[in-house]
Amino acid sequence: MLKILVITQTNDSKYWQDTISNVWDGQLDIILQSNFEVKKDTDLIILDFTGSNINAIDVLGEISPNLVGKHFLIVSDKKDADLAIEGIKLGAIGFLVKPFKRFELISALDKMHTSSGGHLPTKRKGKIITIASYKGGTGVSTVVANLSYIVSHVYQKKTLIIDAAGFSNHISVLLNTIPKCTLTDICKQGKALDEEYLNNAVTKIGNNLGIVGGLIKTSDFSDINREGLEHFIDLATETYDFVIVDTPSHVLDEISMFFAQKANDLLVMTTFDLLTIKDNRFYIQTLKEFGVSEHKIKPVINRQDWYIGSLEPELVQKQLNHNIFHSLPNDWNLCVEAANYGRPITEVSPNSQLATSFKILGGKIAKSDMPEQSDQTVKESAAPKEKKKSLLNWF
């Protein structure tokens, strides 16, 4: 666990929690305090002078004896060359001016070594979001397609979809896109796989979204191996901000477990169906036994207002023995319409409750606030669009 002490005059714990977790994959313990007493045993001290009227250089000089032998980072909302020079003289790992970029924080943290995580890489490291359910019919593929579209188009994150759900290739149908290469084609390259091949192998859906298709024939299994998957996912996370993976239900095979164990966030889809709850409770427990960290497992209720019997969200959470991360409202007709047109829900009905809920879920994943839309943008989104050519000939 990375222990961080943030000394600041502003109460912005959420900002620092989101900012650090965006570059650190392990568990975090972030403590905020307003006084400049450095007594806690921490891995990193962040001195945030944002919004402060005090003389930062004087304060730094006063507490400098307590900073000896410690990793500390100076942050300010003002460009202050004197403060930066003084900080570096005292051994600061960096001086950042808000709003700073992600790579700037990574570059500063790259200078420190911690007991919990070791050396932070300077290479880009995208997030892996695996979506799964042990019970079929919970909307895993629908969520993968729509969440990926939201993250890439609404939040402007470079996103790759990996269809690892057996032979269904549902994502291709839901987004009306025929993939150029499958997971098998990628793994066949082994260590020879490079960024140029990956870019050419990925089918683009707009500027920020790409897809790698699923298996096509049973013999494809023999060409997939862990070494090939490891190299592929390492390259993909250096190229993309988010890698979102669709996995099959009722399966705990090597491919599914690989993506479950690699995930930064593992979204487990469930509904109010008692059998689904029972299966996913078993699934979550099994994932933990296989070494998946509990904090990475994030149950999502689909079709929230589709009540069966007397079950309610609180009971679902109790039965799963896990906090619910998000709930998606039920709009079965909209999902069917979107699937038939091969278009994302937010394009078919941008102002619907389901589209809004997907945007909120995308914000939780991308760790961003929902961007505001102008009236003109809303009108353009709501306007009828030309239907794409059907995928039926592909079947």
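Listed here are the helices (runs of 4 or more DSSP H) enclosed by the stretch 143-203 that have at least 2 residues being open to solvent by 10 Å² or more (accessible area, probe 1.4 Å) and acidic (Asp, Glu): 195-201.
Selection within the stretch 322-340: residues that are in contact with a Pro (Cβ under 7 Å, 6 or more places away or on another chain) and more than 16 Å from residue 147 (Cα to Cα). The member of this set that is least open to solvent (accessible area, probe 1.4 Å) is 322.
Residue count for the stretch 14-52 under the criterion of being open to solvent by 60 Å² or more (accessible area, probe 1.4 Å) and part of a helix (DSSP H, G or I): the result is 3. Applying the criterion of being within 17 Å of residue 279 (Cα to Cα) and surrounded by 15 or more Cβ atoms within 10 Å (Cβ to Cβ) to the residues of the stretch 304-316, the residue that is modelled with the lowest pLDDT is 311. Restricting attention to the stretch 222-247 and to residues that are of a type outside the set (A, V, I, L, M, F, W, C) and closer than 19 Å to residue 148 by Cβ, the residue that is surrounded by the fewest Cβ atoms within 10 Å (Cβ to Cβ) turns out to be 238. Can you name every residue in the stretch 257-273 that is under 20 Å from residue 365 (Cβ atoms) and of a type in the set (Ser, Thr, Tyr)? 270, the sole residue that qualifies. Taking the criterion of being open to solvent by less than 10 Å² (accessible area, probe 1.4 Å) and either under 15 Å from residue 302 (Cα atoms) or in a helix (DSSP H, G or I) (or both), the residues of the stretch 341-356 that qualify are 345, 354, 355. Modelled with pLDDT under 85, within 22 Å of residue 84 (Cβ to Cβ) and of a type in the set (D, E, K, R): is that true of residue 62 in this structure? So residue 62 passes the test. Taken over the stretch 247-287, the criterion of being closer than 26 Å to residue 221 by Cα and of a type in the set (D, E, K, R) is satisfied by 253, 254, 262, 265, 279.
The values are calculated or read from the model by the stated rules, or taken from the named source; none is laboratory data. This one's a predicted model, so the numbers in the text were calculated from it and none came from an experiment. Don't worry about glycine lacking a Cβ; one is built from the backbone with ideal geometry, like all the others, and counts go over all protein chains shown. Side chains are part of the model used for accessible areas, which takes the heavy atoms of the whole protein and leaves out ligands, DNA and RNA. Shrake-Rupley method; radii C 1.70, N 1.55, O 1.52, S 1.80 Å.
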